[in-house]
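Engineer: Here it is, the structure, as structure tokens.
The values are calculated or read from the model by the stated rules, or taken from the named source; none is laboratory data. Computed from a predicted model, the values in this text were never measured in an experiment. All Cβ positions, glycine included, derive from the backbone under ideal geometry; neighbour counts span all protein chains shown. Side chains included, ligands, DNA and RNA excluded: accessible areas come from the protein's heavy atoms. Shrake-Rupley method; radii C 1.70, N 1.55, O 1.52, S 1.80 Å.
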Amino acid sequence: MLNTLIWLITVEAMGLAVLPVSYYLLPHLKDRGFSISKPMGLLLIGYLSWSLSVLRVIPSTTLTILTLLIIVGIISWKCMWGHRRDLIDFIVRERKILLLTEGIFLLAFLGWAVFRAHDPAINHTEQPMDFMFLNATIMSNLGPPEDPWLRGEPVNYYYFGYWMM
């Protein structure tokens, strides 16, 4: 339960951190990118964490990710500061669609959390392998993680999704 709450707070914080970026980049959408700011934040901060780790600049730890979140948020909001009145007017004007979007996200999140709580097994299809790669990625502070199948060798293919988790 606590991990689910931490994950929700983290995703909400990442979405807020990049909201000005999505607002600026997606002016033609009715919600100005509010609905995709959470995945955008997850991708941006995940990519920065992964890049810095693979380049051996800094290990990917909770402190690193929190620092990146704060830096991205400060830069994003600082760039938006001159247009803050536009953003505030937009939020007031479109509050119904923004609240509806947030409600749909929270409902889907809660639904999936309840579903996984009732069926936490990892015995279907490729789930054991996914769990193995997720654990290898969690154990690694520097990318790429060690390949669980081939000891001492790095995973040389699609592990970015595990990295973001």
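For every residue, the table says whether it meets (1) without any contact (Cβ under 8 Å) to a residue 40 or more places away in the chain; (2) outside any loop (DSSP other than H, G, I, E, B); (3) in contact with a Cys (Cβ under 9 Å, 6 or more places away or on another chain).
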{"residue": "Ala108", "(1), (2), (3)": "yes, yes, no"}
{"residue": "Val114", "(1), (2), (3)": "yes, yes, no"}
{"residue": "Ala117", "(1), (2), (3)": "yes, yes, no"}
{"residue": "Ile122", "(1), (2), (3)": "yes, no, no"}
{"residue": "Thr125", "(1), (2), (3)": "yes, no, no"}
{"residue": "Met129", "(1), (2), (3)": "yes, yes, no"}
{"residue": "Ala136", "(1), (2), (3)": "yes, yes, no"}
{"residue": "Leu142", "(1), (2), (3)": "no, no, no"}
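Engineer: Of everything in the stretch 59-101, what is over 16 Å from the mean Cα position of the chain (by Cα), of a type in the set (A, V, I, L, M) and crowded, with 16+ Cβ neighbours inside 10 Å? Give them in sequence order.
Structural biologist: Across the stretch 59-101, the qualifying residues are Met80, Leu87, Leu98.
Engineer: Are any residues in the stretch 46-56 open to solvent by less than 40 Å² (accessible area, probe 1.4 Å) and either at pLDDT 95 or above or out of contact with any helix residue (DSSP H, G or I) (no Cβ under 9 Å at 6 or more places or on another chain) (or both), and if so, which ones?
Structural biologist: Taking the stretch 46-56 as the starting set, the residues that turn out to be open to solvent by less than 40 Å² (accessible area, probe 1.4 Å) are 46, 49, 51, 53.
If the condition is that a residue be open to solvent by less than 40 Å² (accessible area, probe 1.4 Å) and either at pLDDT 95 or above or out of contact with any helix residue (DSSP H, G or I) (no Cβ under 9 Å at 6 or more places or on another chain) (or both), then Ser51 is the only one that fits.
Engineer: Could you say which residue among Ala113, Ala136, Ala121 is aliphatic (A, V, I, L, M), open to solvent by less than 60 Å² (accessible area, probe 1.4 Å) and either under 19 Å from Asp31 (Cα atoms) or at pLDDT 90 or above (or both)? Outline the logic, then answer.
Structural biologist: Values: Ala136 fails: either under 19 Å from Asp31 (Cα atoms) or at pLDDT 90 or above (or both); Ala121 fails: either under 19 Å from Asp31 (Cα atoms) or at pLDDT 90 or above (or both).
Ala113 is the lone residue from the list that is aliphatic (A, V, I, L, M), open to solvent by less than 60 Å² (accessible area, probe 1.4 Å) and either under 19 Å from Asp31 (Cα atoms) or at pLDDT 90 or above (or both).
Engineer: Mind counting the residues in the stretch 32-82 that are within 19 Å of Glu12 (Cα to Cα), of a type in the set (Gly, Ala, Ser) and touching a residue at least 24 places away in the same chain (Cβ under 8 Å)?
Structural biologist: Of the residues in the stretch 32-82, 6 are within 19 Å of Glu12 (Cα to Cα), of a type in the set (Gly, Ala, Ser) and touching a residue at least 24 places away in the same chain (Cβ under 8 Å).
Engineer: Please indicate, with yes or no, whether at least one residue in the stretch 20-29 is open to solvent by less than 50 Å² (accessible area, probe 1.4 Å), part of a helix (DSSP H, G or I) and within 20 Å of Gly161 (Cβ to Cβ).
Structural biologist: Checked against the condition, which is being open to solvent by less than 50 Å² (accessible area, probe 1.4 Å), part of a helix (DSSP H, G or I) and within 20 Å of Gly161 (Cβ to Cβ), the stretch 20-29 yields no hits at all.
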